[in-house]
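Worksheet: the structure to be examined is printed underneath.
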Amino acid sequence: MSYARPHAGVQPVTHLWRKIPVSDLGFSSPTRLEDGKLSIDIDELTGLLQSDPNVREARLAIARPGESVRIIPVKDVIEPRLSLIPGVPVFPGVFSAWNPDVDGIASGEIVSLSGMVVTTVGSIVGFQEGLIDMSGPGARYSLFSGKLHLVLDVTVREGMGRHDHERTVRLAGLKASNYIAGSVMKHPPRTDIRETLVNPESPGSPASPGRAGGKGKPRIAYLYMLQSQGLLHDTYYCGVDVKTMPPRRILPTEALFGAILSGNCVSACDKNTTYHHQNNPILLDLLRRHGTDLEFAGCVITNENVTLGDKQRSSTLAAELVASLVPDGVIISKEGFGNPDADLMMNCSKIEAHGIKTVLLTDEFAGQAGASQSLVDTHPKADAIVSTGNANEVTVLPPMEKVIGDDRVITTLAGGSSKSRLPDGSIAIELQALIGSTNQLGFERLSSRFK
Amino acid sequence: MGAVSRNGKYRIVHYLNQFFGGVGGEEKADCRPFTIKGPQGPGRLLEKLFREGNADVEIVATVVCGDSYFAENQESVLREWIPVIREHRPDLVVAGPAFNAGRYGMACGAICSTLEPLGIPAVTAMFKENPGVDQYRKTALIVESANTVSGMEDAVRKMVRLGIKRLHGEEIESPQAEGCFEQGIRRNYLHADPAWRRAIDMLLRKIGGEPFETEYPIPFFDRVEPRPALPGLKGITIALVTSGGIVPTGNPDHIESSSASKFGKYSLEGLESADATTHQSAHGGYDTTYVNADPNRVLPIDVFRELEREMGFKPHPWYYATVGNGTSVDNAQKFAKEIAVELIRDGVQAVILTST
Amino acid sequence: MAKEIERAGIPVAHICSIITISQTVGANRIVPAVAIPHPLGNPRLPPGEEKEVRRNLVKKALAALQTTIQEQTVFS
């Protein structure tokens, strides 16, 4: 079955987003939502996950805001969602083939469970996985500390390679998320919050205004950079590894459907988990304000690859695509740090060369003392930067009563060191190790300034 | 607030050079350090203005040292005199003002920067072109003063205002607002708005031609003059250095996968190549699958050996490695300086640096 | 690091994947490498060819060290 993308100039693709609040989690059969409490059939869900021959064991746990719980090492965080559009799955391209240019997402409804997330942990695959504290000083740094977590602790088959290990855990999270959303929607609850999101017109269509002139509203585009540097640094668009894909325009609400998902276990502070993509606040705000005080010109996704040639090609093409949306300005968000600073600066300078204004979102690695250079690459055109904080700054986290996962890895996490453990059981660790603490989609309020 | 003196006053130790300490001018600049009980010279004004600001202080001691003597013996002066200052159990140490006196400014900066990590608050004052400002602004609170002694009262007033806050244990959030030089240190804080909203607001202002303030001003990186070319390779000692984290298997020095706090020095003696059993990557910032399978992909030991035989250069028997992932530029500089000292000592004439 | 070692008086050839970063941080003799996870190799090539790639990069670095330059120079 295919649902063709509407032609330019016809009705813009519109999505009704229903958010079902979840106020508590528990284990009991069957899986259902009653009075806001989500009960999960532990045997059914573990059975489903363990039906994958690569999964040796899947253990489930629950963590609630305010509890003395540390979840570590976290791989991904996912918000359960279900598409009510016939033939359109969430996480398109993951469990079935999907070509976004042919099977475009039609107008219709999507449902999400809000207040809860599925969080995957398990033995460490890479150095840069991180932690979530459900209370204490660490809870200040991440929106995830305010969510109910269904935690999947996945052990993979012995002798498995790192790439397969990562993939197995990633798919387990998505399966659990689909299972929960699907089970709840068998008996849809009456209480929900509804919101309508209207995508911008394609440029060139009759309804699409040109660049703001005179009293026109400012036209803003969004360049969405996705980490794509190989194992544990990968991101997928409709099932395709974005490092293999040139930059492209996307329908902004595709993000709601999980079209962009994280295969990214690094770096904890500034990787975008799947949750972050599903709820990208830049995309959502531009969609909400579209047609009011601004025009949302559209969204381009691009990658952050490992060769100079790829970086140059991607940034040139991304700048062309952004320019084709005829915006007055563009927001550019980065993912990760270090060499992606080079991608960020190329994107910025090449877009500014088209006469389009840029604002960049980036975190900083200014050293623990804050005395060092924050970015490894710069450009004079990068004169409008929003800082999401210095990820090297050290915070002290007291011990938690309960650990979900394995906290022995804490000294080897990026941001930790052999000196991390303090005599009283606390750990002194860089914000780098806290999931989402310096998120560059701008979820958090943390920033940095000169003292 | 800490220990106060016998009569309940805040205890201050004041540092002065030979001139303000009453010893003499430049001809006495080699004067060795000594202590005077109570205030001396500008110390009297300092006490008076503290009291006018309702801070009951007492300068319990004044330490005086000649500018040249300090400059030539900085390490030993600090080693011997910081404990002397601590013995006075000061609640605050004031150094200077140094105005535009370069060696005096360097001394004031060094003293304040040494005391701060020991938990002893310190303040000093200098003219903006004093070399002590550039050297110590990150590690000391330096009040901006005029360039000559005519600005004494103004400088002391500012030091007193800042000093009172420090005596009260107040965190100095914005040194600039206190009349100090910005320290150039990045410090996190919670903004009232999430970053996504600030980004969209900033862009609307930029598009509208309204003033906006970047949250991270792009710094200027300095440059180094290129070294002259090697005349040839015959007999030249060349060292391998890498930021790609190649270490002997097991990472014996526990170099961190990110924000490395150290570098390692490892032998190349007798090695014709590196493989999965001898070396690994400790780097956390890239997919290490390929380099763990063949470490030569980051540290080219195999071809280095081949080219050694063909071209006649001498490989340095040690290589240096660190992890350039989230490692601050300051740390990288520090490692490089330490490595360079050893390389020069060992007669290395050129370096091949590999990075991921 | 390249800059600081050079400041101390030793010429440095910097083999690195992302030369714009090397330029920003101030290396003088810059040799572009293959890719971040394998700057001096390419796992997709047969071993012999891969080694040849590595050999050429190191030879380029050695040549760079013997070349007089006035400013930052990329040896590609």
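The values are calculated or read from the model by the stated rules, or taken from the named source; none is laboratory data. Only a predicted model underlies this, so the values are computations on that prediction, with no experimental measurement involved. Here the Cβ is made from the backbone with ideal geometry for all residues, glycine too, and neighbour counts use every protein chain on show. These accessible areas exclude ligands, DNA and RNA; they are computed on the full protein's heavy atoms, side chains included. Shrake-Rupley method; radii C 1.70, N 1.55, O 1.52, S 1.80 Å.
From its DSSP helices (H runs of at least four residues, each -39,500 (n - 2.57)), the protein assembly as shown gives a residue-normalised ellipticity at 222 nm of -7500 deg cm²/dmol.
How much accessible area per residue does chain A have, in Å², with a 1.4 Å probe?
On the way: 14840 Å² over 451 residues.
The answer is 33 Å² per residue.
Report which residues of the range B:258-272 become buried by 40 Å² or more of accessible surface when going from the isolated chain to the complete set of protein chains (1.4 Å probe; DNA, RNA and ligands ignored). Listed by number, the residues meeting the 40 Å² cut-off are B:S258, B:S259. Hey, what's chain C come to in accessible area per residue, 1.4 Å probe, Å²? Per-residue accessible area for chain C comes out at 35 Å².
Given their separation in residues at 0.36 nm each and the Cα-Cα distance between them, A:S107 and A:L84 gain 7.3 nm when the chain is fully extended.
Give the C-B buried accessible area in Å², both sides summed, 1.4 Å probe, nearest 100. Roughly 4200 Å². Across B:R305, B:R157, B:R79, mean-square fluctuation computed from a Gaussian network of chain B (C-alpha pairs under 10 Å connected) peaks at B:R305.
Kirkwood hydrodynamic radius (Cα pairs, Å) of the range B:128-264? Don't skip to the end; give the middle numbers.
Values: mean 1/r = 0.0471 Å⁻¹.
For the range B:128-264, the Kirkwood estimate is 21.2 Å.
Of all DSSP bridge pairs formed entirely within the protein assembly as shown, close to 40 percent run antiparallel.
Chains A and B together bury some 5500 Å² of accessible area, summed over both sides, with a 1.4 Å probe. Shown is the FRET efficiency for C:T67 and A:L317, computed with R0 = 25 Å from the Cβ-Cβ distance and rounded to the nearest 0.05: 0.15. Cross-link partners of A:K451 among lysines, defined as those whose alpha carbon lies under 26 angstrom from its own and excluding same-chain residues fewer than eight positions apart: A:K334, A:K381, B:K128, B:K138, B:K158, B:K165, B:K206, B:K334. Near A:A221, once Lys and Arg are set to +1 and Asp and Glu to -1 for all other residues with Cβ below 10 Å from its Cβ, the sum equals 0. Neighbours of A:R59 by Cβ distance under 13 Å: Lys/Arg scored +1, Asp/Glu scored -1, total -3.
Extension gain, B:N147 to B:E210: 0.36 nm times the residue separation minus the Cα-Cα distance gives 19.0 nm.
Antiparallel versus total DSSP beta bridges in chain A: what percent is that, nearest 5? Walk me through the numbers on the way to the answer.
Numbers: 41 of 88 bridges.
Roughly 45 percent of the DSSP beta bridges within chain A come out antiparallel.
Could you tell me what percent of the accessible area of the range B:237-334 is made up of carbon and sulfur, with a 1.4 Å probe and every protein chain present? Walk me through the numbers before you get to the answer.
On the way: 1600 of 3150 Å².
Solvent-exposed carbon and sulfur of the range B:237-334 make up 51 percent of the total.
Take the range B:10-178 with all the other protein chains still there, run a 1.4 Å probe, and you get 43 Å² of accessible area per residue.
If I stretch the segment between B:D56 and B:K262 completely, what's the gain in nm (0.36 nm per residue apart, minus their alpha carbon distance), one decimal? Don't skip to the end; give the middle numbers.
On the way: separation 206, 0.36 × 206 = 74.16 nm, distance 4.59 nm.
Here the answer is 69.6 nm.
Ligands, DNA and RNA left out, the accessible area of the range A:235-392 computed with a 1.4 Å probe is 54% carbon and sulfur.
Using a cutoff of 8 angstrom between alpha carbon atoms and counting only pairs six or more residues apart, the relative contact order for the range B:237-354 works out to 46 percent.
Given a Förster distance of 25 angstrom, what is the FRET efficiency for B:E182 paired with B:E129, based on the Cβ-Cβ distance and rounded to 0.05?
On the way: r = 16 Å, r/R0 = 0.63.
Computed FRET efficiency for B:E182 and B:E129: 0.95.
Which percent of the accessible heavy-atom area of the range C:2-74 goes to carbon and sulfur, probe 1.4 angstrom?
Values: 1270 of 2500 Å².
It is 51 percent, rounded to a whole number.
Along the range B:226-234 the Karplus relation, 6.51 cos²θ - 1.76 cosθ + 1.60 evaluated at θ = phi - 60°, assigns HN-Hα couplings of x, 6, x, 5, 6, x, x, 10, 3 Hz to successive residues, with x for each Gly and Pro. Relative contact order for chain A: 19 percent, from Cα pairs under 8 Å spaced at least 6 residues apart, divided by residue count.
By the scheme Lys and Arg +1, Asp and Glu -1, what is the net charge of all other residues having a beta-carbon under 12 Å from that of B:M311?
Values: positive: B:K234, B:R305, B:R309, B:K314, C:R55, C:K59; negative: B:E306, B:E308, B:E310.
Residues close to B:M311 contribute a combined charge of +3.
Under 16 Å of direct C-alpha separation, and excluding same-chain neighbours fewer than eight residues apart, B:K37 reaches these lysines: B:K9. Normalised by the number of residues in chain B, the mean separation of alpha-carbon contacts (under 8 Å, six or more apart) gives a relative contact order of 13 percent. At q = 0.05, 0.11 Å⁻¹, what log₁₀ I(q)/I(0) does the protein assembly as shown have when each alpha carbon counts as one equal point scatterer in the Debye sum? Debye output, listed in q order: -0.33, -1.30. Give the interface area between chains C and A as buried accessible surface, both sides summed, probe 1.4 Å, in Å² to the nearest 100. Using a 1.4 Å probe on protein heavy atoms, the buried area is about 900 Å². Comparing B:V329, B:V77, B:V93 in a Gaussian network model of chain B, where Cα atoms under 10 Å apart are tied by springs, the biggest mean-square fluctuation is seen for B:V329. Decide, for the range B:10-178, between rounded, prolate and oblate: order the square roots of the alpha carbon gyration tensor eigenvalues as a ≥ b ≥ c, take rounded if a/c falls under 1.5, and otherwise choose prolate if a/b is larger than b/c, else oblate. Because its axes are fairly even, with a/c under 1.5, the range B:10-178 counts as rounded.
Under a 5 Å amide H cut-off, with hydrogens placed 1.01 Å from N, A:D363 pairs with A:T388 among residues at least 5 apart or on other chains.
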